[in-house]
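Have a look at the structure below, then the notes.
Please treat every number below as a calculation from the coordinates, not as lab data. All of these numbers come straight from a predicted model, not from anything done at the bench. Cβ sites come from the backbone with ideal geometry, for glycine too, and all protein chains shown count toward neighbours.
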C-alpha cells in the first residue's frame, strides 16, 4: 500500500527530509498518464512511500522529529488511493 504523509514542523525542514529519504520516502511520485510517465512534485512538507501503512508513516515521522528534537505540530498520514487530483508542479529549486 502506498501512502502520503503531510506534516508541520517549526524548524529543520531539510534535516527531516533527509532522515525520511533515508527511510525510503520521496518528495515526488511517478504517474503514468497519456502514454507517458510524469512526475508529481509534492508540496514542501509532504512525502510519499510506496509500501508503508498510514500508521508506519506517522510513526516514522514521530521517530525522526524526536531524533531531531523538533516539535511535530501536525501530521496526517493516509493511503494514496485511486481517487486523487493534483497540480503536478515542478522540482524545488
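Over the alpha carbons of the chain, what is the largest minus smallest coordinate on each principal axis, giving the biggest first in Å?
Cα spread of the chain along its principal axes, largest to smallest: 44, 30, 21 Å.
For the Cα atoms of the chain, what angle does the longest principal axis make with the long axis of helix 13-22, in degrees from 0 to 90, nearest 10?
Orientation of helix 13-22: about 70 degrees from the principal axis.
Under a 10 Å cutoff between Cα atoms, tell me which one of 24, 57, 81 has the largest fluctuation in the Gaussian network model of the chain.
81
Is segment 39-93 rounded, prolate or oblate when judged by the Cα gyration tensor, a ≥ b ≥ c being the square roots of its eigenvalues, rounded requiring a/c under 1.5 and prolate requiring a/b larger than b/c?
Verdict is oblate for segment 39-93.
With a cut-off of 8 Å between alpha carbons and a minimum separation of six or more residues, what is the relative contact order of the chain in percent?
The normalised contact order for the chain reaches 46 percent.
Please determine, in degrees from 0 to 90 and to the nearest 10, the orientation of helix 54-68 with respect to the longest principal axis defined by the Cα atoms of the chain, where the helix direction is its Cα long axis.
Long axis of 54-68 versus the principal axis of the chain: about 40 degrees.
For a label point 7 angstrom out from the Cα of residue 26 toward its Cβ, which stretches of segment 53-79 have the backbone nitrogen within less than 17 Å?
The answer is 53, whose backbone nitrogens lie closer than 17 Å to the label point.
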